[in-house]
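One structure is given below, encoded as structure tokens.
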Amino acid sequence: MSTEDFPTDRPAVVTCGLPYANGDLHIGHLRGYIGADAFARALETLGQETAYVSGSDMHGTPVAVNAEQEGIDPEEFALRWHEQYQETFPKFDVDFDNYGHTHDETNTELTQEIVRTLDEEGYVYEDEILVAYDPKADDYLPDRYVEGTCPYCGAKARGDECDEGCQRHLEPGEIEDPRSVRTGNPAEYRERTHKFFRVSEFADYLTEFLDGLEGTSNARNQPRQWIEEGLQDWCLTRDMDWGIDYPGDDGAAEDVVLYVWVDAPIEYISSTKQYTERVGADEYDWEQVWTEEGEIVHVIGRDIIQHHTIFWPAMLEAADYTAPRAVAATGFITINGKGLSTSRNRAIWAREYLDEGFHPDLLRYYLTTTGGFQQDVDFSWDAFQEKVNGELVGTVGNFWYRSLLFAYRNYDGTPDTAVSDEVEARIEDAIDAFTGGVNDYSLRDVGNATTRLAQFGNEYIQRNEPWKLTDEEPDRAAQVIRDCVQLAKATAVLLSPIAPGKAQALWEQIGEDGEIADAHVEDALAAPRDSFDKPGELFAKIEDDRVAELNEKLETRIEEAASDDETEGGDGAPADGEIESDDTASEQSTNMTDTDDLEPLAEDRIGFEDFQDVDIRVGQIETAEGIDGADDLARLEVDIGFETRQVVAGIKQLHDLDELPGTQCILLANMEPAELFGVESNGMILAAGEEADLLTTHGDAALGEKIK
RNA sequence: AGCGGGAUGGGAUAGCCAGGAGAUUCCGGCGGGCUCAUAACCCGCAGAUCGGUAGUUCAAAUCUACCUCCCGCUACCA
């Protein structure tokens, strides 16, 4: 690790969080893989020796559980996803120098070697812990095989983390009221011997490590709090058989494997090693990077900061490997302002994007330059269109095309004169901005450096009006166009990390040989070829009706997923494949009407008898008071003629409780009693919508009168 | 309520971490220009208490405290 600016003379390795071999890739995943890819390419453009590696994460209970449900071997299950990922990445120009997986031989061996080192160095101890066990099925239940209640916040939680509540990582045995995910049986705890890593000993080291860590601020700040709260030792093993065996025979028993988060990050090293094995240590030396000096940059999602800033650096330090230089944690992606949800099919799937026929560079540009790296970024087809049409088509593409076309028509290529000082200086500024962006881990800055340069190009050509000069002042015209060709070349070089395909196309248009991916920033200033062929337009506008169509497809799909959810009892599986778009498109499809926000009307009709089962009465609120600790809930006493009922209602925020007593209300009287926040509720007050607009009577209905 | 992220001209965003002239860029609006270019591009304008309050400071969008509101996930949707 060093703090010297990029490029340094040490090799760098860029990684992205390992895709978990358990489902389809969507735009949220892509943000990380594309971001890391663009960052790695940008480093190379700066002249930094760089490897970009990753691999599929094959182990862990979700893979085992899902494989079991499909009745196939976990390895087969995970490999299937692994292969699909490998096919998908190139389609987005995500170009790994090596892409392995955690179950391969390299990773298995290296993981065992590293764990053995931890053990030998005295960082591992054994302890007896309680493990959930399903007595009926004679089955131990690690991690997500068990679910129950979070001991910290009381939310429903999975065995290894409180995914729906406080997001805490849970150690085995912590979860309360455990039940088996497989059988639903209540689980009991049994004593088992497991291996623990003394993470707690690394508090000081980690504090210092974080002080020097580059990347995004969230990756530095969050772990500091965890350290202050006190680090717990980390359980390295699990009672299951899908995973990597704990090294050695003495072993902590049969049926124990390493926790998936032990071998997963080690894949970063393994994958680098495989790269060296393929190209030779002369070309790229994994040992130098990982055991001597190298610039290690981890690009991850912000949900796995803990693993990369606590467990992982502690392991590296304990096993005497190089510490990461940077951890850059991306924010999440939202779709049309709402959270991406795979179970509700509110997502843009990788395959879907490709099926729509869009060039990968458009998405690459959007994802890397919209919002900061650690910011959550919203995706909408409208914003996508705006970004593409405005910046890629209008600014960059237009500048490229008008410059080159003019040059081709009048000079058969580049005019024979030197670049002007002004333009040269402007390109140098852009290179500085590009370099600064890389060093700040800001791809947006990197992208903007290019767009602004193209913007300058448009302004420059406009200001100098070469079309007026060709006859009267041929020398000046030649100068201007010479400058523009240089600017086109420079923008292509600087844009190549983000839009490698389009940059390559421009590279070819101006007659350059080889790959623009091999170009360095200095090539932005190198003289262009004397002649080139007639250029073409590299970016096409996205038309409005196309966007309308895409919006509609998305909406339709989300609705279908929602109704599937209701009718099928909510298995939550995303509808796969393409959804037929409805031809009854109306102009309203792009504008959300008010009813779009409402719950759809129920399809199923009920009989009068069903309605008879519902006993709704007129009541009057006698008293109303807030419930301690609850935000919206109020405890009400409601007089319904026959008796006064205690009811809990979520209306506190919307109503002044002092004004409620005396108000008539409508009460569903034969609701099953329920307990909320320790308060029994004996009925349900009717109210409309999110605002909890209270229903009442407007005539002289008596208390206890039935609603019919 | 918990965790996380926000609150900047009509909309979307930058700047804040390393405080210093009332503030970026994009879209939209208005006016103008140009015609090489994909109705593209260029120029000008439109006037916003940088969420609120109180501090620190010679100086705060930028630091501190408190508050309000918004978004995501989750929750208490009876």
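The slack in the chain from A:Q462 to A:D416, taken as 0.36 nm per residue of separation less the alpha-carbon distance, amounts to 14.5 nm. Multiplying the residue separation of A:L525 and A:A323 by 0.36 nm and removing their Cα-Cα distance gives an extension gain of 69.1 nm.
On full extension, the segment bounded by A:E537 and A:L405 gains 46.6 nm, given 0.36 nm per residue less the C-alpha separation.
Taking Cβ atoms as reference points and 14 Å as the exclusive limit, the residues near A:R302 contribute a net charge of 0, counting Lys and Arg as +1 and Asp and Glu as -1. When A:V94, A:V419, A:V614 are sorted by how many other C-beta atoms sit within 10 angstrom of their C-beta, beginning with the fewest, the order is A:V614, A:V419, A:V94.
Cβ-to-Cβ counts within 10 Å put A:R182, A:R10 in ascending order as A:R182, A:R10, the fewest first. In this simple spin-label approximation, A:N439 and A:L79 carry label points 7 Å from Cα along the Cα→Cβ vector, and these lie 4.8 nm apart.
Label sites at A:R224 and A:E356, each approximated as a point 7 angstrom past Cα along Cα to Cβ, lie 4.0 nm apart. Calculated FRET efficiency, A:K338 to A:E121, Cβ-Cβ distance, R0 = 51 Å: about 0.60 to the nearest 0.05. Of the peptides A:446-457, A:105-116, A:331-342, A:400-411, the order by per-residue mean of other Cβ atoms within 10 Å, starting with the highest, comes out as A:446-457, A:400-411, A:105-116, A:331-342. If R0 equals 60 Å, the separation of the Cβ atoms of A:D255 and A:E472 corresponds to a calculated FRET efficiency of about 0.10. Starting from the Cα gyration tensor of region A:41-151, take the square roots of the eigenvalues, sort them a ≥ b ≥ c, and report rounded, prolate or oblate (rounded when a/c is under 1.5, otherwise prolate if a/b is larger than b/c, else oblate). Note, shape of region A:41-151 comes out oblate.
Taken one residue at a time, the phi angles of region A:346-358 give Karplus couplings (6.51, -1.76, 1.60, θ = phi - 60°) of 8, 7, 9, 7, 4, 5, 4, 4, 5, 4, 6, x, 7 Hz. Gly and Pro are set to x.
What the phi angles of region A:439-444 give under the Karplus curve with 6.51, -1.76 and 1.60, with θ = phi - 60°, is a coupling list of 5, 9, 6, 10, 5, 4 Hz, glycine and proline written as x. Given R0 = 35 Å, the distance between the Cβ atoms of A:E176 and A:T623 translates into a calculated FRET efficiency of 0.50. Label separation (A:D204 vs A:T697): 7.6 nm, computed from points 7 Å beyond Cα along the C-beta direction.
Our note on the geometry: Cα centres of region A:90-130 and region A:413-444, 42 Å apart. Taking amide hydrogens as placed 1.01 Å from N in the peptide plane, the amide H of A:I616 sits under 5 Å from those of A:A669, A:I707, each at least 5 positions away in sequence or on another chain. In sequence order, region A:271-283 has phi-based couplings of 5, 5, 4, 4, 4, 4, 4, 7, 9, x, 5, 5, 7 Hz under the Karplus curve 6.51 cos²θ - 1.76 cosθ + 1.60, θ = phi - 60°, and Gly or Pro positions carry x. For the peptides A:296-306, A:271-281, the ranking by packing is A:296-306, A:271-281, with the highest mean count of neighbouring Cβ atoms within 10 Å listed first.
Throughout, read-outs are computed from the coordinates displayed, never taken from laboratory work. Not measured: the values here are computed from a predicted model. Note that each Cβ is placed from the backbone with ideal geometry, even for glycine, and that neighbours are counted across all protein chains shown.
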